[in-house]
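> Before we start, here is the structure in question, set down as structure tokens.
The values are calculated or read from the model by the stated rules, or taken from the named source; none is laboratory data. Nothing here was measured: the structure is a model prediction, and the numbers come from that model. Cβ sites come from the backbone with ideal geometry, for glycine too, and all protein chains shown count toward neighbours. For accessibility, only protein heavy atoms count, side chains too; no ligands or nucleic acids. Shrake-Rupley method; radii C 1.70, N 1.55, O 1.52, S 1.80 Å.
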Amino acid sequence: MAETETATEDAVGEREADEKSPQAVDEAQRDAQRKGESKPGQRAEISNLEIVRHYFEIAAEKLGIAEDVRTVFWEPYREVTVQIPVKLSDGKIHTYSGYRIQHNGARGPYKGGIRFHPEVDIDEVRALASLMTWKTAVAGVPFGGAKGGVNCPADKLEPSEVQKIARSFMDKVEKVLGPTRDIPAPDVNTNAQVMAWMMDEYGKLHGHTPAIVTGKPIALEGSYGREAATGRGCVYMFRESAPHLGMTPSETTFAVQGYGNVGSWAARIMQQLGCKMVAVSDANGAIRSDEGIDANALYDFISDGGVITEFEGAEPIEADDLIAVPCDVFIPAALGGMIHEHNADRMQARMIIEGANSPTTPAADEILQDKDVYIIPDVMANAGGVVCSYFEWVQNLQHFRWDEREVNDKLGNIMRRAYREVSGRAKEENLPLRQAAYLVGLERVVDAARTRGYI
Ligand code: NAD
């Protein structure tokens, strides 16, 4: 049964009547999405939770899993909601909601990132937690699935404010965490520094415990290769699948939506292979250049505080038009639901590698299947992060460190294996990769739960 601790509502922080807070704007947009009022260019017609449920149900149906058993694998095992009041530099207390949702632990300790974003809500965290259950199973790493988040605008806050939120969140959820229970990691707007604060906070109560979080800085027993791992994993997927589509790196162009951890690493490693980035976006806008955009120079430019649309040698375009730029490979690496029924038919790429979680709605997925676009789904494409988190955890438990080559080689082996297993199943059953991946994942989780005697 789910265990729920409920937080009080976002309470403090009154504002002028005519001044809409970022939270209020986001809330209005979410409402429109829920009511199906999304317009072209806006986010999806359905929620991330509905997206994951859609594919879960297809897989459960195909595997002939009875309704009563299905509930066990759909519902989260434990949900924790906490209140996070923090005094920010405006002198007021802002009260955020924090969540940790442990979806299924049949295959091992719960594992999943923590997102700091105003759009975080309990349903989104449920969706992401469930996705982690199938992802760890598809990758074959011995973890269950979890996710966490705080609905704060971290990218607009001072580092000291983010630190307060990270420590407060850890204080409140530590009871359900532990190196053999649940191990968080970074996600949107959280990074190695945030993980370091969380590890430190946990250590105040439990003593030095590096294996409590992964994605830590190298100086604090982080793993070599972890920061790049999700993006690198996406590129391993490209390398495995490109020959089947007759693509060679030197003749491949690509576009990236979201130039954060996943997007910028995927772009830099694709470029190393010889591919050319022709369009890219982040939360501040989008740019394109048929001559190519240097992924390394763009990364340095943004890291130094530059705004993407001011990057020299590329032309600013409407963010909504990124999807329509002619290219071979499109890498969504921002938020969920960005490829939807109103923009999917504008897509020109032949391959999509889903760096982000749930970037494609089921309606868009169908449109893209009809266009013969080869989609490497999130549940397999972005598993590189959790695979490398697994390596970090293993190293932490032994207080031992592997070098970067060893990490990357092992990551490559696991990603290639996942691709072979899922694409083999897709071929056998004549299914798109996404449906095959869910079949493989769900089958493994059900098998583990049965073998334990849980069902
Ligand atoms: P991040 O915070 O480092 O980067 C997010 C990027 O998306 C930023 O560049 C931001 O500006 C951009 N962005 C935000 N809104 C946008 C919009 N409307 N249009 C275009 N760009 C926008 O986050 P991340 O860790 O790179 O995560 C990105 C995605 O990858 C998320 O869906 C996350 O769940 C998924 N993911 C991350 C990891 C990981 O290891 N970090 C692992 C698996 C999946």
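> Which of the residues belonging to segment 309-355 are in contact with a helix residue (DSSP H, G or I) (Cβ under 7 Å, 6 or more places away or on another chain), open to solvent by less than 20 Å² (accessible area, probe 1.4 Å) and assigned to a loop (DSSP other than H, G, I, E, B)?
ALA333, GLY336, GLY337, HIS340, ASN343, MET347, GLU354, GLY355
> Separate question: Taking interchain pairs and intrachain pairs at least six residues apart, which have beta carbon atoms under 6 angstrom, with the first residue in segment 367-395 and within 18 Å of ILE114 (Cβ to Cβ) and without any contact (Cβ under 8 Å) to a residue 12 or more places away in the chain and the second open to solvent by 10 Å² or more (accessible area, probe 1.4 Å) and away from the ligand (no atom under 11 Å from the Cβ)?
As it stands, the answer is none, since no pair meets every condition given.
> Then there is this: Looking only at segment 358-388, which residues are part of a helix (DSSP H, G or I), within 16 Å of the ligand (Cβ to nearest atom) and out of contact with any Phe, Trp or Tyr (no Cβ under 8 Å at 6 or more places or on another chain)?
Step one: filter segment 358-388 for residues part of a helix (DSSP H, G or I), giving 362-370, 378-381, 384-388.
From what's left, within 16 Å of the ligand (Cβ to nearest atom): 364, 378-381, 384-388.
Result: ALA364, ASP378, ALA381, GLY385, VAL387, CYS388.
> Condition test on GLU221, is it more than 19 Å from SER264 (Cα to Cα), of a type outside the set (Val, Ile, Thr) and in contact with a helix residue (DSSP H, G or I) (Cβ under 7 Å, 6 or more places away or on another chain)?
yes
> Residues in segment 30-84 that are assigned to a loop (DSSP other than H, G, I, E, B) and either surrounded by 15 or more Cβ atoms within 10 Å (Cβ to Cβ) or at pLDDT below 95 (or both): how many?
Keep residues of segment 30-84 that are assigned to a loop (DSSP other than H, G, I, E, B), which gives 35-47, 63-66, 75-77.
With either surrounded by 15 or more Cβ atoms within 10 Å (Cβ to Cβ) or at pLDDT below 95 (or both) added as a condition, the list becomes 35-47, 65, 76-77.
Residues flagged as assigned to a loop (DSSP other than H, G, I, E, B) and either surrounded by 15 or more Cβ atoms within 10 Å (Cβ to Cβ) or at pLDDT below 95 (or both) within segment 30-84 amount to 16.
> Something else: Could you grab me the full set of residues in segment 368-393 that are out of contact with any strand residue (DSSP E or B) (no Cβ under 9 Å at 6 or more places or on another chain) and open to solvent by 10 Å² or more (accessible area, probe 1.4 Å)? Even if it seems obvious, please write down each step before you answer.
Quick first cut of segment 368-393, residues out of contact with any strand residue (DSSP E or B) (no Cβ under 9 Å at 6 or more places or on another chain) only: 370-372, 379-380, 383-384, 387-388, 391.
ASP370, LYS371, ASP372 - these are the residues of segment 368-393 that are out of contact with any strand residue (DSSP E or B) (no Cβ under 9 Å at 6 or more places or on another chain) and open to solvent by 10 Å² or more (accessible area, probe 1.4 Å).
> Looking only at segment 396-420, how many residues end up being surrounded by 12 or more Cβ atoms within 10 Å (Cβ to Cβ) and either touching a residue at least 40 places away in the same chain (Cβ under 8 Å) or part of a loop (DSSP other than H, G, I, E, B) (or both)?
Qualifying residue count, segment 396-420: 15.
> Only one of (1) outside any helix (DSSP H, G or I); (2) surrounded by 24 or more Cβ atoms within 10 Å (Cβ to Cβ); (3) not β-branched (Val, Ile, Thr) is not met by GLU119, so which one is it?
(2)
> Report, ordered by the first and then the second residue, all pairs with beta carbons closer than 9 Å, sequence separation of six or more or different chains, a first member in segment 324-342 that is closer than 15 Å to GLY258 by Cβ and hydroxyl-bearing (Ser, Thr, Tyr), and a second member that is open to solvent by 20 Å² or more (accessible area, probe 1.4 Å) and more than 14 Å from the ligand (Cβ to nearest atom).
Close Cβ pairs (under 9 Å, with a partner that is open to solvent by 20 Å² or more (accessible area, probe 1.4 Å) and more than 14 Å from the ligand (Cβ to nearest atom)) do not exist here.
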